[in-house]
Amino acid sequence: LSLALGREEGWLEEACGEGGERISLLRAFHYMSSSSLPPSVPPSRALGSSPHTDWGLFTIILQQRQESTGEEEGDEEEGGLQFRGRPQGARVGAREEGEEMEWVRVPWVAETLIVNCGDFLAMLSERLVAEGKARAGRGREEGREGGTEKERRPFHSPVHRVTLSPSRDRTSLVFFFYPSYDAPMPATGREGLREERREVGRGGKGHKYNTLRGESEETRGEGGEASPLTFGEHLARKWAGVKSS
Ligand SMILES: O=C(O)CCC(=O)C(=O)O
Ligand SMILES: [Fe+2]
């Protein structure tokens, strides 16, 4: 990951600080089928997991096979993990423009783990890309040749959710890898808003999606200066706002 961010090996270990393993979590989820819920639960409350981004560095998911193997039509169950993205074959660049976003199912693939980028990694990577662009701009101003730096695209932490299948329950094992409690939140600025960030920004307190970023960015000053809160402090605030039902 450090190399993919354009840094030397081991760089992330330093950026994340020590002790992330002490607040990282492995959770086992069991989602009931919607038909097994008591009739008193209205369909609007029959949620697996509401739309959110993961807040840490990255998440590793082992999901249970949910669809049946039969060939008959309609055999495939709805429900399971879905992310907000561009459907396969959509126009390149559509996501950046906030168009054509839809819920895309994450299929079960044998002996495969799903690795999801979290907000902390996305913000760290946006900061590095912005710094790279600024360096290249300065280089051009000073008349240096094209610059040696390759232009990179930042990592993206996708909005995702879990929906319930009408007839099958589902189990997943989810490992949330977090940076250290004391890791400073990366300052990213507000440029390059993507669809979900715009929607997060739009709703004030009633955020449409549950992400780390909306709030961490709200705590910034006008100039986008570093948030005074650490990752762990943000996390604690987020958890305090999670309601059990
Ligand atoms: O159960 C899953 O597959 C993912 C759950 C999830 O997205 C989460 O807990 O953050
Ligand atoms: Fe998640």
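The values are calculated or read from the model by the stated rules, or taken from the named source; none is laboratory data. Bear in mind the structure is a predicted one, so any value in this text is a computation, not a measurement. Because the Cβ atoms are built from the backbone with ideal geometry, glycine has one as well, and the counts that use them run over all protein chains shown. Side chains included, ligands, DNA and RNA excluded: accessible areas come from the protein's heavy atoms. Shrake-Rupley method; radii C 1.70, N 1.55, O 1.52, S 1.80 Å.
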Name every residue in region 11-39 that is polar (S, T, N, Q) and not in a helix (DSSP H, G or I), in order of residue number.
Ser24, Ser33
Which condition number does Val162 fail, the rest of (1) open to solvent by 20 Å² or more (accessible area, probe 1.4 Å); (2) modelled with pLDDT of 90 or more being met?
(1)
Could you say which residue among Leu37, Leu5 is away from ligand 1 (no atom under 16 Å from the Cβ), hydrophobic (A, V, I, L, M, F, W, C), open to solvent by less than 50 Å² (accessible area, probe 1.4 Å) and under 23 Å from Val159 (Cβ atoms)?
Leu5
When both residues are 6+ apart or on different chains and their Cβ atoms are under 7 Å apart, which pairs have a first residue that lies in region 137-162 and is more than 30 Å from Glu78 (Cβ to Cβ) and assigned to a loop (DSSP other than H, G, I, E, B), and a second that is at pLDDT 80 or above and among the charged types (D, E, K, R)?
Glu149/Arg135; Pro154/Glu126
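Please indicate, with yes or no, whether at least one residue in region 52-62 is under 17 Å from Arg161 (Cα atoms), within 16 Å of ligand 1 (Cβ to nearest atom), out of contact with any strand residue (DSSP E or B) (no Cβ under 7 Å at 6 or more places or on another chain) and modelled with pLDDT of 85 or more. Full working, then the answer.
Residues of region 52-62 under 17 Å from Arg161 (Cα atoms): 52-56, 58-62.
Remaining after also requiring within 16 Å of ligand 1 (Cβ to nearest atom): 52-56, 58-62.
Keeping just the survivors that are out of contact with any strand residue (DSSP E or B) (no Cβ under 7 Å at 6 or more places or on another chain) gives 53, 55.
Subsequent filtering for residues that are modelled with pLDDT of 85 or more retains 53, 55.
Yes, some residue in region 52-62 is under 17 Å from Arg161 (Cα atoms), within 16 Å of ligand 1 (Cβ to nearest atom), out of contact with any strand residue (DSSP E or B) (no Cβ under 7 Å at 6 or more places or on another chain) and modelled with pLDDT of 85 or more.
What number of residues in region 177-189 are closer than 25 Å to Gln63 by Cβ and open to solvent by 30 Å² or more (accessible area, probe 1.4 Å)?
Step one: list which residues in region 177-189 are closer than 25 Å to Gln63 by Cβ, which gives 177-179.
Subsequent filtering for residues that are open to solvent by 30 Å² or more (accessible area, probe 1.4 Å) retains 177.
Matching residues across region 177-189 total 1.
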Candidate set from region 40-54 (those that are among the hydroxyl-bearing types (Ser, Thr, Tyr) and in a loop (DSSP other than H, G, I, E, B)); member that is farthest from ligand 2 (Cβ to nearest atom)
Ser40
All positions within region 15-31 that are modelled with pLDDT of 90 or more, of a type outside the set (Phe, Trp, Tyr) and open to solvent by 40 Å² or more (accessible area, probe 1.4 Å)
Ile23, Leu25, Leu26, Arg27, Ala28, His30
